[in-house]
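The values are calculated or read from the model by the stated rules, or taken from the named source; none is laboratory data. Treat the numbers as computed from the prediction; the structure is a model and nothing was measured. Using ideal geometry, Cβ is built from the backbone for each residue, glycine included, and neighbour counts are taken over all protein chains shown. Heads up: the accessible areas ignore ligands, DNA and RNA and are worked out on the full protein's heavy atoms, side chains in. Shrake-Rupley method; radii C 1.70, N 1.55, O 1.52, S 1.80 Å.
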Amino acid sequence: MTQPLIVSPSPHIHSGDSVAKNMHSVLIALVPAFCVAVYAFGLGAITVTATSVAACLLFEYLIQRYLLKGEKTISDGSAILTGVLLAFNLPSNLPLWIVVLGALFAIGVAKMPFGGLGNNLFNPALAGRVFLLISFPAQMTTWPIANAANRFSTVDVETGATHLAVLKGYLSTDSLHFLDLFYGKMGGSLGEISALALLAGFVFLLIRKIITWHIPVSIFASVALFAFLMGSDPVQHLFSGGLMLGAIFMATDYVTSPMTSKGMLIYGASIGLLTMLIRQYGAYPEGVSFAILLMNGVTPLLNTYCKPTRFGEVKHG
C-alpha cells in the first residue's frame, strides 16, 4: 500500500463545478443579450462593453498586486462578468471615462475592500451602476434610440426616452408596443432591452443548474401582483427597464443572495415590492437596481433566520 490514508471532513465527492466554470456559463448566457445590444446600438455597445471589461480586469489586477498582495484571481472570470454586467446597465453612448469610473467603483469599492469574490456584501456591478446614476444623472438617463440608422458610425446617435418614462407618465402611452419590448426595439441600457434574449439566458442557466428558479420567478410574480394592485399594466412593468436583467443575472449572484429556498423566495418577493414602490413613487422611473442592493444588505439576516431545521433538532420557544 503506497498511498497514505487521508481523513478529511465532508464533502468527499467533487461535483466538477468551479468558480471559473460557473462564471463562464453565466457569460455564455449573456451572449444573446449582447448580440441584440450590438444589433440595436451598434458600435457604442461594443466599445462600452470592451472598456468596462478591460477596466475591471485592470483594477482587480492592480489592487491584488500592489495593495492586497494575495493570490491573483482575474482568471476566474468574475472580473469579466462584473465588467459585462456593469456595461449592460449603462447607455451605449456613455462617455468612456465615466465607464472607467464605474468600473473603479465596482472593483475598488464594492468588491476588493471586502476581500474579493465571495466576501462582498453588495453586487459590484449594481453598486457601480448606482454610483454612476447618482453622480452623472444626465448622462445615465440619456439613452440612444434602438436601431438608429447611424449606430455603426462614429457620429452622435439619436436619443430618446425609455418605456419606463412612458409608464411614469412622462410620455404618451400611444408609444407603448408589447412586441417591441419583447424583442428589443426600444431605448434603454444596452443589455436590458430584449426580454426574449434574457429569457433565453435564463433557460440556459436553469438547464446548467447554475441558478434555481426561486429568485427570478418570485421577483416576476411580485412585480406582476403589485403592478396589478397599483393599477399599472403588469406586462409592461415585467418587460420594461432592467427588471429581467436584474432578476435573472444580478439578484441571483451567489455571494449576495440567500442560500435557502425560503430565504430566496422572501428575498425575491421583497425585491419585486421595492421595485414597484420605487417605480410608482420614487424620483427615478427604474427601481430594480436600488431594490436589489437594499435586499443584498438583508441577505445575512435571511440566511440566519431561514436556516433549515437539522435532522433530530427540536425547536424551542
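3J(HN,Hα) along the range 18-35, derived from phi through the Karplus expression 6.51 cos²θ - 1.76 cosθ + 1.60 where θ = phi - 60°, amounts to 8, 4, 4, 5, 5, 4, 5, 5, 5, 4, 5, 5, 8, 4, x, 5, 5, 4 Hz, with x in place of Gly and Pro. For residue 143, the residues whose amide H sits under 5 Å from its own are 160, ignoring neighbours fewer than 5 places away on the same chain, with H placed 1.01 Å from N.
Hydrodynamic radius of the range 189-303 by the Kirkwood approach over all distinct alpha-carbon pairs: 13.9 Å.
Principal-axis analysis of the Cα atoms of the chain puts helix 214-229 at an angle of about 40° to the longest axis.
The value of relative contact order for the chain, using C-alpha pairs under 8 Å at least six residues apart, is 17 percent. Whole-Hz Karplus values for the range 65-70 come out as 6, 10, 10, 7, 6, x Hz, taken residue by residue from phi with 6.51 cos²θ - 1.76 cosθ + 1.60 and θ = phi - 60°; glycine and proline positions read x.
The local environment of residue 216, defined by Cβ-Cβ distances under 15 Å, has a net charge of 0 under the rule Lys, Arg +1 and Asp, Glu -1. Rounded to whole numbers, the Karplus 3J(HN,Hα) couplings from phi for the range 233-238 are 7, x, 5, 4, 5, 5 Hz, using 6.51 cos²θ - 1.76 cosθ + 1.60 with θ = phi - 60°, and x at Gly and Pro. Taking amide H positions as modeled 1.01 Å from N, with prolines and chain starts lacking one, the residues under 5 Å from residue 184 and 5 or more places away or on another chain are 195.
Kirkwood analysis of the range 21-87, using all unique Cα-Cα pairs, places the hydrodynamic radius at 12.7 Å.
Would you mind working out the accessible area per residue for the range 197-242, using a 1.4 Å probe, and quoting it in Å²?
Per residue, the range 197-242 has an accessible area of 44 Å².
Here, the chain yields an orientationally averaged convex hull projection of 21.0 nm² when only Cα atoms define the hull.
Dipole magnitude of the chain about its Cα centre, charges +1 at Lys/Arg Cβ and -1 at Asp/Glu Cβ only, in debye to the nearest 20? Provide the component values of the computation, followed by the final result.
Values: 16 positive and 13 negative charges, 149 e Å.
Here the size comes out at about 720 debye.
For the range 183-249, a Kirkwood radius taken over Cα pairs fed into Stokes-Einstein (4 °C, viscosity 1.567 mPa s) yields D = 104 µm²/s.
Given the pairs 21/111; 185/209; 69/111; 72/262; 21/185; 21/69, which span a C-alpha to C-alpha distance of over 27 angstrom in this model?
From 21/111; 185/209; 69/111; 72/262; 21/185; 21/69, over 27 Å: 185/209; 72/262; 21/185.
Residue 24: net charge of surrounding residues, Cβ under 11 Å, Lys/Arg +1, Asp/Glu -1, itself excluded? Don't jump to the answer; show the numbers that get you there.
Working: positive: 21, 208; negative: 76.
Value of the local net charge: +1.
Here the chain has 67 percent of its accessible surface on carbon and sulfur atoms, given a 1.4 Å probe and all protein chains in place. Averaging the sequence gap over all C-alpha pairs within less than 8 Å and six or more residues apart, then dividing by the number of residues, gives the range 41-83 a relative contact order of 48 percent.
Segment residue 121..residue 283, full-extension length gain: 55.8 nm, with 0.36 nm per residue of separation and the alpha-carbon distance subtracted.
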